[in-house]
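Everything below concerns the one structure shown next.
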Amino acid sequence: MSSDFKATAGYSIEEGNAASKNAYHWAQKTFSTRKGKPGEPAQDLAGGFSNEIRFGNERLGIGSDGIGTKIEVAERLDRYDTLGYDLIAMVADDLIVAGFVPTNLSNIIDVNTLNYEVVDELMRGLHDAAQFSQIAVTGGEIAELGNRIGGYPGAKMNFNWCSTAVGVLHPSLERPLSGANVRAGQAVVALRSPSFRSNGYSLARRALTKAFGEKWHEQPYGQGEAAPQATNNEQLTTENATTWGEVMLAPSLIFSPGVAAVLEAGLPLHAAAHITGGGIADNFKRVLKNGVGAELDNLFEPLPAMQQLAELAGISPQEAYLYWNMGNGMLLVTDEAQAEAVAETLRNHGYQAQVAGRITPEPGMTLRVGAGELRYEG
């Protein structure tokens, strides 16, 4: 990846991965403090975004994340009821790909100056997302930090919002999912993402600002008359958005209930990948262990908004599949004979899912998409 593109994107996936690996190295040095005691972490699950902690026979998962710069879009539109879906999706879906069914969440809102109405709207959305995902919000804090917190000028409240979630290992699993059991010949099932989720927003905002100026969020998107303002997760989508601001605010679909249903049905699940920053190429390779690779020739098509944004940003399909999910929010690895049953179970629970490809004995990843064949080394 060129240094010019890194400058355009506003961040480097390689440097982020290196920093995360180093941070985990330091964190892992603390695991010995709980050895043989309640809360002992697993030592062999490096590479994921959540980890296992043990309380006797009970095995829990814990993970933390935030919404990131998507918050600025909400500040621009003065609309905050959808962000709760993004907050839960980032942690709940990180847990479920390791086999942990999310149960509880604690959150912290850091603000410059408190605005009661904005916080009420944020928490109402979080309530709705928690109901959807069957999570209890059992902790939180609001911290007023003055000029330590910035954001879109003139917004009612500038803020940052992060959370930590815990979940319990599904009883059908002997150990967390890590990719250790992925083998050549297994199948890959894709779940469609109807939005950008909470990833790649630094690049997106830079591209939109360059194309349309500082008020890019007011720029019309799509055709036809303006639709009534959407008021919940089901209504606001990239399909019915009438401005680029609404496109970028469309909330994340939370996949954890669907994956939990697959486990509940007793269907085999060998690995799963939550497609966030780094796209398919960076996220899916985390579970391609044992020297295997993947051929994905039936992925969901990129959202039209993603294709348009890639053109505005002047980036290639190879790079776009590194920074955005390109219409695929999660990939599951299952037995070939059960792949269609997995997809059907997901569809029965309201998700769009399809068999997308297979695991290969050779390392590396090949994506056959509308833009051509994209190859990523292992």
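Which FRET efficiency value, to the nearest 0.05, do you get for Val119 and Ala265 by plugging their Cβ-Cβ distance into 1/(1 + (r/R0)^6) with R0 = 35 Å?
Here the calculated transfer efficiency is 0.35.
Suppose each label sits 7 Å from its Cα in the direction of the beta carbon; what would the Asn298-Leu145 distance come out to in nanometres?
With each label point 7 Å from Cα toward Cβ, the separation is 4.6 nm.
Quick check for me: using +1 on Lys/Arg Cβ and -1 on Asp/Glu Cβ, what's the dipole size of the chain about its Cα centre, in debye to the nearest 20?
Computed about the Cα centre, the dipole is about 960 debye.
For the chain, which whole percent of the accessible surface, found with a 1.4 angstrom probe, sits on carbon and sulfur atoms?
50
Sequence-distant or interchain residues sharing an amide H contact under 5 Å with Leu177, placed H: which?
Gly99
Please list the non-local residues whose amide H lies under 5 Å from the amide H of Ser252, H modeled 1.01 Å from N, same-chain partners needing a gap of 5 or more.
Hits under the 5 Å cutoff: Asp86.
Candidates [x] 51, 49, 42; [y] 103, 57, 40; [z] 94, 43, 38; which is the computed Cα extents along the principal axes in Å?
Comparing each candidate, only [x] matches the computed number.
Placing unit charges on C-beta atoms (Lys and Arg positive, Asp and Glu negative, everything else neutral), compute the dipole magnitude of segment 78-203 about its Cα centre in debye, rounded to 20.
500
Roughly how many debye, to the nearest 20, is the charge dipole of segment 280-378 about its Cα centre, given +1 on each Lys and Arg Cβ, -1 on each Asp and Glu Cβ, and no other charges?
220
Cut-off under 30 Å on the C-alpha distance; same-chain residues fewer than 8 positions from Lys70 excluded. Which lysines are left, in chain and number order?
Once the sequence-local lysines are set aside, what remains near Lys70 is Lys6, Lys21, Lys156, Lys210, Lys215, Lys285.
Return the single residue from Asn57, Asn22, Asn298 with maximal mean-square fluctuation; model: Gaussian network over the chain, springs between Cα atoms under 10 Å.
Result for the chain, Cα springs under 10 Å: Asn57 fluctuates most.
With a cap of 11 neighbouring Cβ atoms within 10 Å, and only residues DSSP puts in a loop, list the GluC sites (Glu not before Pro) found in segment 285-378.
Those that pass, being in a loop and sparsely packed, are Glu377.
Please sort by residue number the GluC sites (Glu not before Pro) in segment 58-120 whose DSSP state is loop and whose Cβ has at most 14 other Cβ atoms within 10 Å.
Answer by residue number: there is no such site.
Keeping every protein chain present and rolling a 1.4 Å probe, give me the accessible area per residue for the chain in Å².
So the chain comes to 43 Å² accessible per residue, rounded to a whole number.
Treat each spin label as a single point 7 Å out from the Cα along the C-beta direction, and report the Val168 to Ala341 distance in nm.
So the label points at Val168 and Ala341 sit 2.5 nm apart.
Residue-wise, which Karplus ³J(HN,Hα) couplings in Hz belong to segment 370-377, taking 6.51 cos²θ - 1.76 cosθ + 1.60, θ = phi - 60°, and x for glycine or proline?
Karplus values, whole Hz, x for Gly and Pro: x, 7, x, 9, 10, 10, 10, 6.
Debye calculation, C-alpha points only, no solvent: report log10 I(q)/I(0) for segment 277-378 at q = 0.10, 0.12 Å⁻¹, in the same order as the q values.
-0.28, -0.40
Amide H neighbours of Gly61 under 5 Å, at least 5 residues apart or on other chains, H built in the peptide plane: list them.
The list, which skips near neighbours in sequence, is Ile53, Gly167, Val168, Leu169.
Roughly speaking, what is the stretch gain from Ala19 to Asp78, that is 0.36 nm per residue apart minus the C-alpha to C-alpha distance, in nm to one decimal?
Going from the current span to full extension adds 17.9 nm.
The values are calculated or read from the model by the stated rules, or taken from the named source; none is laboratory data. Since the model is a prediction, treat every value here as computed from it, not as a measurement. Every residue, glycine among them, receives a Cβ derived from its backbone with ideal geometry; neighbour counts consider all protein chains shown. Side chains are part of the model used for accessible areas, which takes the heavy atoms of the whole protein and leaves out ligands, DNA and RNA. Shrake-Rupley method; radii C 1.70, N 1.55, O 1.52, S 1.80 Å.
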